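J.: Questions regarding the structure given below will be posed in turn.
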Amino acid sequence: MQRQGFTIDRRALIAGVAAAPFLASAVARAAEPDLSALSDMTRDVRPIDGAERAARLARAQALMKAHGIAAVLIEPGASLVYFTGVRWGRSERLTAAVLPVEGPPLIVTPFFEEPSVRQTLGIEADVRVWQEDQSPAALIAAWLRERKLTGAIGIEETARFFASDGLARALPAARIVSANPVVRGCRGIKSPAEIALMQKASDITIAAFRWTWPRVEKGMTPADIGALMNAATAKLGGDPGFALVLIGEAAAYPHGSRAPQQVAEGEIVLMDCGCSVEGYQSDISRTFVYGAASAEQRRVWDQVAAGQQIALKAAQIGAAAGSVDDAVRRQYAAWGYGPDYKLPGLSHRTGHGIGLDGHEPVNLMRGEMTKLAAGMCFSNEPGIYLPGKFGVRLEDCFHMTPSGPQWFSVPPKSPDAPLG
């Protein structure tokens with residue numbers, strides 16, 4: 001789920017839909033699983049360094065010049081981490097970065113927060129503080145005037161209204177514009193260092209799946225299974241992000257159901273799980289049947305597996321991102337699903353961008369004309385959902401190389417071996 005191309009907090013969604021009704025059961029069953037067979041997989045991880053962040057700033061400034069943007073305002077979140085390293089939460093007290101078209105950025109934060117903000121600051125920056133009775137927007141405006149940066153000011157797309165409106169009021173001569181050409185232009189193309197971190201996150205999630213799958217038992221709830229998955233992920237060195245587990249009919253609804261669910265013979269179990277490593281995300285889904293699969297379950301599973309391969313084949317350098325979704329829907333319609341987004345069939349996009357955010361622009365979605373380029377990263381998840389029965393989703397992410405797409409995790413080939 002997204003707002004303006006970025007994700008709504010899926011952890012909160014999943015906690016509300018899947019976990020809350022079963023918390024007591026999860027504590028009873030999975031509070032202390034035996035994780036002795038697992039070990040930390042992140043000891044060889046190389047965090048993003050200062051040289052890479054300097055290159056990001058240089059790229060941003062080149063894009064700012066090309067688009068006539070004097071400065072870009074960024075609030076806490078993935079983009080702030082991307083450009084500055086600062087990991088900070090949003091509150092009514094503004095902490096923000098301003099990237100200028102030339103020179104080092106500005107970091108603005110409340111006076112009493114400065115020491116904490118500096119702990120994760122990973123670039124050279126001009127840090128300025130404001131007191132409780134002062135306006136951070138006025139401070140930013142004064143800094144921009146000092147540097148004669150009062151033309152077009154770009155606002156990062158997830159920034160809150162009070163931040164952009166405050167700056168517009170404090171700097172009325174400025175023209176407020178979207179920073180998408182700059183921020184998306186940088187974040188949309190992953191570097192080798194970013195791809196390595198995403199590969200590690202995917203490797204951890206697959207390892208956690210391999211540990212969890214054989215431990216799924218009859219009578220378990222979604223929270224029981226999710227607790228096992230998250231515990232394994234943490235022991236392997238990942239930061240657990242989400243563990244959505246849907247059982248039986250609930251799997252027909254992409255983000256689940258509040259109806260009570262328990263593993264039973266012949267029931268679909270759909271697991272959609274991910275973690276982060278140095279902030280970079282994985283997002284992998286696996287669907288299996290507890291016990292023997294029916295002919296219908298096998299048929300739908302095989303069709304989704306074929307859909308993934310159709311999507312991958314369509315994802316070629318220079319192709320429009322939307323053409324990947326089109327290719328999948330053509331085949332699904334030929335099998336009698338849909339048409340379009342109708343059910344039974346595929347009711348959501350074929351995939352989404354991924355990186356520091358679990359959902360990033362651009363999407364593999366009808367009408368998306370952005371051309372695929374080396375360094376772009378996507379999920380590939382053309383599920384099929386049969387309301388009142390069950391759903392199947394297989395999800396693996398890939399990154400674009402100069403010669404075409406390459407998997408982060410390799411899709412399984414059989415419902416009998418859902419992890420390959």
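J.: Taking the criterion of being small (Gly, Ala, Ser), in contact with a helix residue (DSSP H, G or I) (Cβ under 9 Å, 6 or more places away or on another chain), open to solvent by 20 Å² or more (accessible area, probe 1.4 Å) and over 22 Å from Ile268 (Cβ atoms), would at least one residue in the range 331-341 satisfy it?
T.: As a first pass, look at the range 331-341 and keep what is small (Gly, Ala, Ser): 333-334, 336, 338.
Next, from what is left, pick out any that are in contact with a helix residue (DSSP H, G or I) (Cβ under 9 Å, 6 or more places away or on another chain): 338.
From what's left, open to solvent by 20 Å² or more (accessible area, probe 1.4 Å): 338.
Next, from what is left, pick out any that are over 22 Å from Ile268 (Cβ atoms): none.
Taking every residue of the range 331-341 in turn, none turns out to be small (Gly, Ala, Ser), in contact with a helix residue (DSSP H, G or I) (Cβ under 9 Å, 6 or more places away or on another chain), open to solvent by 20 Å² or more (accessible area, probe 1.4 Å) and over 22 Å from Ile268 (Cβ atoms).
Okay, residues lined up against (1) surrounded by fewer than 21 Cβ atoms within 10 Å (Cβ to Cβ); (2) of a type outside the set (A, V, I, L, M):
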site: Leu346; (1), (2): no, no
site: Gly355; (1), (2): no, yes
site: Met369; (1), (2): yes, no
site: Val392; (1), (2): no, no
site: Pro412; (1), (2): yes, yes
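J.: While we're looking at this one, here's another question. Can Leu270 be described as buried (at least 24 other Cβ atoms within 10 Å of the Cβ), under 18 Å from the mean Cα position of the chain (by Cα) and not in a helix (DSSP H, G or I)?
T.: no
J.: Further question on the same structure: For the subset of the range 73-82 comprising residues that are over 17 Å from the mean Cα position of the chain (by Cα) and crowded, with 23+ Cβ neighbours inside 10 Å, which member is nearest to Arg187 (Cα to Cα)?
T.: Pass one, the range 73-82, residues over 17 Å from the mean Cα position of the chain (by Cα): 73-75.
With the extra rule that they be crowded, with 23+ Cβ neighbours inside 10 Å, the set shrinks to 73-74.
Details: Leu73: 15, Ile74: 13 Å.
Among those residues, the one meeting the criterion is Ile74.
J.: Moving to a separate point now. Keeping to the range 83-105, report how many residues are part of a strand (DSSP E or B) and under 27 Å from the mean Cα position of the chain (by Cα).
T.: 4
J.: Going by what's in this entry, would Arg160 be described as surrounded by 13 or more Cβ atoms within 10 Å (Cβ to Cβ), over 30 Å from the mean Cα position of the chain (by Cα) and at pLDDT 95 or above?
T.: no
J.: Now, a different point. Does any residue of the range 219-236 turn out to be basic (Lys, Arg), over 16 Å from Gly355 (Cα atoms) and open to solvent by 30 Å² or more (accessible area, probe 1.4 Å)?
T.: Looking only at the range 219-236, we keep the residues that are basic (Lys, Arg), and these are 235.
After this cut, where a residue has to be over 16 Å from Gly355 (Cα atoms) as well, the list is 235.
Imposing the further condition that a residue be open to solvent by 30 Å² or more (accessible area, probe 1.4 Å) reduces the set to 235.
Within the range 219-236 (the criterion being basic (Lys, Arg), over 16 Å from Gly355 (Cα atoms) and open to solvent by 30 Å² or more (accessible area, probe 1.4 Å)), the answer is yes, since at least one residue qualifies.
J.: Which of the following residues is surrounded by fewer than 19 Cβ atoms within 10 Å (Cβ to Cβ), in contact (Cβ under 8 Å) with a residue 40 or more places away in the chain and among the charged types (D, E, K, R): Arg210, Arg175?
T.: Working: Arg175 fails: in contact (Cβ under 8 Å) with a residue 40 or more places away in the chain.
Result of the check over Arg210, Arg175: Arg210.
J.: Please state which of the following conditions Thr350 fails to meet, knowing it meets all the rest: (1) in contact (Cβ under 8 Å) with a residue 12 or more places away in the chain; (2) open to solvent by 20 Å² or more (accessible area, probe 1.4 Å).
T.: Tallying (1) in contact (Cβ under 8 Å) with a residue 12 or more places away in the chain; (2) open to solvent by 20 Å² or more (accessible area, probe 1.4 Å), Thr350 fails exactly one: (2).
J.: Restricting attention to the range 391-420, report how many residues are among the polar types (S, T, N, Q) and in a loop (DSSP other than H, G, I, E, B). Write out each step before concluding.
T.: First, the residues of the range 391-420 that are among the polar types (S, T, N, Q): 401, 403, 406, 409, 414.
From what's left, in a loop (DSSP other than H, G, I, E, B): 403, 409.
Matching residues across the range 391-420 total 2.
J.: Among the listed residues Ser257, Ser294, identify the single one that is within 18 Å of Tyr385 (Cβ to Cβ), among the polar types (S, T, N, Q) and open to solvent by 40 Å² or more (accessible area, probe 1.4 Å).
T.: Ser294
J.: Just checking, how many residues over the range 130-187 are in contact with a strand residue (DSSP E or B) (Cβ under 7 Å, 6 or more places away or on another chain), hydroxyl-bearing (Ser, Thr, Tyr) and in a loop (DSSP other than H, G, I, E, B)?
T.: Of the residues in that region, 1 qualify.
J.: Looking only at the range 371-390, filter to residues that are of a type in the set (A, V, I, L, M) and in a loop (DSSP other than H, G, I, E, B); which one of those is surrounded by the most Cβ atoms within 10 Å (Cβ to Cβ)?
T.: Taking the range 371-390 first, the residues of a type in the set (A, V, I, L, M) are 372-374, 376, 384, 386.
Now drop any that are not in a loop (DSSP other than H, G, I, E, B), which leaves 372-374, 376.
Working: Leu372: 22, Ala373: 12, Ala374: 13, Met376: 24.
By that ranking, first place goes to Met376.
J.: When the range 53-72 is examined, which residues are found to be in a loop (DSSP other than H, G, I, E, B) and either out of contact with any Ser or Thr (no Cβ under 8 Å at 6 or more places or on another chain) or under 13 Å from Cys186 (Cβ atoms) (or both)?
T.: Gly68, Ile69
J.: Let me ask something additional. Do you know which of the residues in the range 182-194 that are of a type in the set (A, V, I, L, M) and open to solvent by less than 30 Å² (accessible area, probe 1.4 Å) is nearest to Asp40 (Cα to Cα)? Even if it seems obvious, please write down each step before you answer.
T.: Step one: filter the range 182-194 for residues of a type in the set (A, V, I, L, M), giving 182-183, 189, 193.
Now drop any that are not open to solvent by less than 30 Å² (accessible area, probe 1.4 Å), which leaves 182-183.
Details: Val182: 36, Val183: 33 Å.
Checking each candidate, the answer is Val183.
J.: Can you tell which of Gly322, Gly307, Gly318 is closer than 26 Å to Gly353 by Cβ, open to solvent by less than 50 Å² (accessible area, probe 1.4 Å) and in a loop (DSSP other than H, G, I, E, B)?
T.: Criteria check complete, one pass: Gly318.
J.: Let me ask something additional. Based on what the data block shows, is Gly166 surrounded by 16 or more Cβ atoms within 10 Å (Cβ to Cβ) and more than 20 Å from Pro104 (Cβ to Cβ)?
T.: yes
The values are calculated or read from the model by the stated rules, or taken from the named source; none is laboratory data. Everything quoted here is computed from the prediction, not taken from an experiment. Every residue, glycine as well, gets a Cβ built from its backbone with ideal geometry; the counts of neighbours run over all protein chains shown. Heavy atoms of the whole protein, side chains included, go into the accessibility calculation; ligands, DNA and RNA do not. Shrake-Rupley method; radii C 1.70, N 1.55, O 1.52, S 1.80 Å.
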